[in-house]
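**Q** Here you go, one structure.
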Amino acid sequence: MGADSTHPAIVAEGLGKRYDLGYTGGSGLLSERLEGVLRHPLRRLRGAPPAASRRDAAEPFWALKDASFEIGRGEAVGLVGRNGAGKTTLLKLISHIARPTLGRVTTYGRSATLLEVGTGFHPELSGRENVFLNGSILGMRRREIAAKFDEIVDFAGVEAFMDTPVKRYSSGMYVRLAFAVAAHLEPDILLIDEVLAVGDAEFQRKCLGTMRDVAGQGRTVIFVSHNLNAVQRLCTRALLIEGGSILRDGRPSEVVAEYLDLVGLEQASGSAEIHADAPRFGTGEVQMRALRMLDRSGGTTTTTYLAEPLTFDVTFEVLDPVDAAVFELGICAADGERICTVQSIDGSREPTPLRPGVHTVRVTIDVTLLPREYVVDVGMHTISGATIDWVERVLRFTALNESAAGDDHYRWPGVRGYVRPVSSWGSPATGGTIADWEAQPPVRRAAV
Amino acid sequence: MSQPIHSELIEVNEPAGRWAWLSLREIWQHRELVYYLARRDVAVRYKQTAVGVLWVVLQPLLLAGVFSVFLGLLTRSIPHEGVPYPAFVLTGMTMWLFLAQALSKISMSTVDNSALIAKIRFPRLVLPLTSVLQPAVDFIVAFLVLIAILVAYGVVPPIRIVLAPAILLLGAATVLGLGVWFAAIAVRYRDVKQIIPFLIQAMVFVTPIIYPLSVVPSHYRILYALNPFVAVLEGFRWVMLPHAPSPGLLLLVSVTMSAILIVTGLLYFARAESRFADII
């Protein structure tokens, strides 16, 4: 249990990875290259700079630069950073899927990598066949899989369908079975890339639980996620990666704070653009684009008066149509603790079908928040609970200690808690209000 | 240096050297993966199609039928080694279909499994190795049917039929040698997908499938024998048909070509595989 600094699990020394973009771009057809030469034969003859043809085609790109770190056994390390920052590249180097261009990484013990749930699952094969196939792909021995087979099936909750081809599974069953196999790996080092992006809330909870168990058993976990709350809850350490370099290595709360600073989220201006490469997770049919907090006159604000409804405009872009979408907005305390959640289906309202394009939805929340700072999470799910897009800590705002008209305030600003529900106070005897109370005779202590 | 509790395994990931060698030990450690991937291919092949096993048998029969009609009846000049022409051509076709199917499957094995290459760590050679197995299972089924049909034609295979597994092994090695070249090249250039069917079609005419080696003028035979499949086809007919000529010294050329292909193919593959995950 806990980190063991004298026993390293992973040691990286000057690790660097270069990709030659010319090879990865395009369809990789030899004929296409020949065509390029045939179409522009003159360009070469005219003495056009060679950069236009040869150099550009293989422009090097350093996905990871000079990364050095040591991770001890039993540490749970979160990797945070924007899309394309180099997190997956780092995982691929640690897990020996790709070779580094420079430096080296040494791993101590058996490692298992989960870059995707269900790699190698074949739709035509039965659940049972896929468990054995996927298990052996992930590096388990046949005997190991057989020994854990019942546990795996139990974990996935698909006992009745083990002999059904997985193409007939619902996407939820499929993902559960695939994750169940991975969850029963017993590596010394577990490397996980953003697996929480798929599946419903229940599945995500299970994933997190499994990772916590693994870390608790003294094994090492490296975990890439845009779910910053999960990083803070699960990890003992975090690395912030930006532009291929390790920008920060330290306690999760500090690293997450620096990351939020870096990506410019948690805006206090009352209006936040959410960039495409912002830390988000979900299946991606829709992307949140902007969030704005409105005051009573419709202007942008960063404050809300006491007892005034909160109003937000959520702007989002639909990339692929969604049949039944559910909007969600969450208000959290500054430390990330969720205070309340509202969804567009609250009160048995219908989910929303979405067509491609950029749209804005306005949500008004009737809640009185106690005076302090809050942050807002926003996102969207399908009606079955799978997350389409989710962005945390987009906006920061302050609930003030007085009402807009100036007729209400807290006498003690340091009042505890987060919300002030509507309450009434009175006398149980008369049913009157608290103001009538003085007129009542005092209740006498009953005689013995 | 401290030792981990769970395992004493220490692995270093470093830049690839100029030359890479195959780690046979690593492939042996992944034998179960080979088994499950091959099992997947076999299961999928027999599950998806309505006629299943029948298809494996029908393919060589139909092709042999077509060639019998067009070549056996129209041009009666093709010698067929003392057996009815349909029996002759079915023998060649049974082996050829294995080679052709395995070649295209091996050549596309890296691209077809690109998700595995990009996301899982395992010795990449597992993929071409696995790809020989499902066609080999098909071959065994077709082989049994071939024996039955030969007997029906009154052709009793000679005792040297026990050498058939050796010929199958030679065929598998040859096709693997050629296939791993394509499998490695296909990672970078998808053109391989276009080239393979064309190559297979062309090979039908420069390999003794529908005619025996004896048809080829003797002064061209050395050149002809550079095709490594010549030895496989001639060898297979020799073990199957009682009056087929024994493979002469000429076939050493063909076998040497097989050996060169497999050695160079494996070396090239081993060298290229360190970059597969980057460019696939």
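The values are calculated or read from the model by the stated rules, or taken from the named source; none is laboratory data. The structure presented is a predicted model; accordingly, all values stated were derived computationally and were not measured. All Cβ positions, glycine included, derive from the backbone under ideal geometry; neighbour counts span all protein chains shown. In case anyone asks, the SASA skips ligands and DNA or RNA and just uses the protein heavy atoms, side chains included. Shrake-Rupley method; radii C 1.70, N 1.55, O 1.52, S 1.80 Å.
**Q** Volume per residue, Å³, of the convex hull around the alpha-carbon atoms of segment B:209-280?
**A** Each residue corresponds to 125 Å³ of Cα convex hull volume.
**Q** Do you know which residues of segment B:106-135 lose at least 10 square angstrom of accessible area in the protein assembly compared with their chain on its own, with a 1.4 angstrom probe?
**A** B:115, B:116, B:118, B:119, B:120, B:121, B:124
**Q** Here's another thing I want to ask about it. What FRET efficiency, computed as 1/(1 + (r/R0)^6) with R0 = 60 Å and r the Cβ-Cβ distance, is obtained for residue B:203 and residue A:410, rounded to the nearest 0.05?
**A** E between residue B:203 and residue A:410, to the nearest 0.05, is 0.10.
**Q** Do any of A:92/B:47; A:167/B:47; A:167/B:193; A:148/A:206; B:47/B:119 go past 24 Å between their Cα atoms, and which?
**A** In this structure, A:92/B:47; A:167/B:193; B:47/B:119 exceed 24 Å between Cα atoms.
**Q** Going toward the positive end of the dipole of chain B, with +1 on Lys and Arg Cβ and -1 on Asp and Glu Cβ, which of B:106, B:151, B:197 do you reach last?
**A** B:197
**Q** Here's a follow-up. Using the beta-carbon distance between residue A:124 and residue A:6 and R0 = 60 Å, what value does 1/(1 + (r/R0)^6) give for FRET efficiency, to the nearest 0.05?
**A** 0.75
**Q** Could you work out how far apart the two model spin labels at residue A:427 and residue B:62 are, taking each label as a point 7 Å from the Cα in the direction of the beta carbon, and quote it in nm?
**A** 9.7 nm
**Q** Within chain B, what is the longest stretch that has no chymotrypsin sites (Phe, Trp or Tyr not before Pro) placed in a DSSP loop and near at most 15 other beta-carbon atoms within 10 Å?
**A** B:22-152
**Q** Once R0 is set to 60 Å, what does the formula 1/(1 + (r/R0)^6) return for the Cβ-Cβ distance between residue A:343 and residue A:70, expressed as a FRET efficiency to the nearest 0.05?
**A** About 0.85, to the nearest 0.05.
**Q** Carbon and sulfur: what percent of the protein assembly as shown's accessible surface (1.4 Å probe)?
**A** Carbon with sulfur: 58 percent of the solvent-accessible area.
**Q** In nm, to one decimal, how far is the modelled label at residue A:333 from the one at residue A:273, with both set 7 Å along Cα→Cβ?
**A** 3.4 nm
**Q** For q = 0.07, 0.09 Å⁻¹, what log10 I(q)/I(0) does the protein assembly as shown give under the Debye formula with an equal point scatterer on each alpha carbon and no solvent?
**A** -0.66, -0.96
**Q** Return the distance in nm (one decimal) between the two label points of a simple spin-label model at residue B:141 and residue B:220, each offset 7 Å from Cα along Cα→Cβ.
**A** Each label point lies 7 Å from its Cα, and together they span 3.7 nm.
**Q** Give me the one-decimal Kirkwood hydrodynamic radius in Å for segment A:127-201, with the sum taken over alpha-carbon pairs.
**A** Kirkwood hydrodynamic radius for segment A:127-201: 12.7 Å.
**Q** Please give the per residue accessible area of the protein assembly as shown, computed with a probe of 1.4 Å over protein heavy atoms only, in Å².
**A** In whole numbers, the protein assembly as shown has 48 Å² accessible per residue.
**Q** Above 30 Å lies some portion of the pair distances; for segment B:18-279, what is it as a whole percent of all C-alpha pairs?
**A** Taking all Cα-Cα pairs of segment B:18-279, the fraction more than 30 Å apart is 30 percent.
**Q** What residues from segment A:117-160 fall in the zone where the backbone N is under 17 Å from a label point 7 Å along the Cα-to-C-beta line of residue B:26?
**A** Under 17 Å, as judged by backbone N against the label point of residue B:26, lie A:137-140 of segment A:117-160.
**Q** For segment B:18-279, give the magnitude of the charge dipole about the Cα centre (Cβ charges: +1 Lys/Arg, -1 Asp/Glu; no others), in debye to the nearest 20.
**A** 580 debye
**Q** Starting from 0.36 nm per residue, how many nanometres of slack lie between residue A:402 and residue A:360 once their C-alpha separation is accounted for?
**A** Full extension from residue A:402 to residue A:360 adds 12.1 nm.
**Q** Measuring from the lowest to the highest alpha carbon on each principal axis, how far does segment A:64-192 reach, largest first, in angstroms?
**A** Over segment A:64-192, Cα extents along the principal axes are 50, 30, 23 Å.
**Q** While we're here: To the nearest 100 Å², how much accessible surface do chains A and B cover up together, summed over both, with a 1.4 Å probe?
**A** 4400 Å²
**Q** Just going by the charge dipole of segment A:266-399, with Lys and Arg at +1 and Asp and Glu at -1 on Cβ, which of A:382, A:301, A:351 is farthest out on the positive end?
**A** Value: A:301.
**Q** Need one value for A:95-103: mean number of C-beta atoms belonging to other chains within 10 Å of its residues' C-beta atoms.
**A** If you average over the peptide's residues, the count of other-chain Cβ atoms is 6.
**Q** PRE reach from residue B:159 (point 7 Å along Cα→Cβ): which of segment B:221-252 fall under 20 Å by backbone N?
**A** Counting only backbone N, you get B:236-247.
**Q** Going highest first, how would you order A:215-225, A:116-126, A:85-95 by mean Cβ packing within 10 Å?
**A** Packing proxy ranking, top to bottom: A:85-95, A:215-225, A:116-126.
**Q** What is the Cα convex hull volume of segment A:266-399 when expressed per residue in Å³?
**A** Value for segment A:266-399: 103 Å³ per residue.
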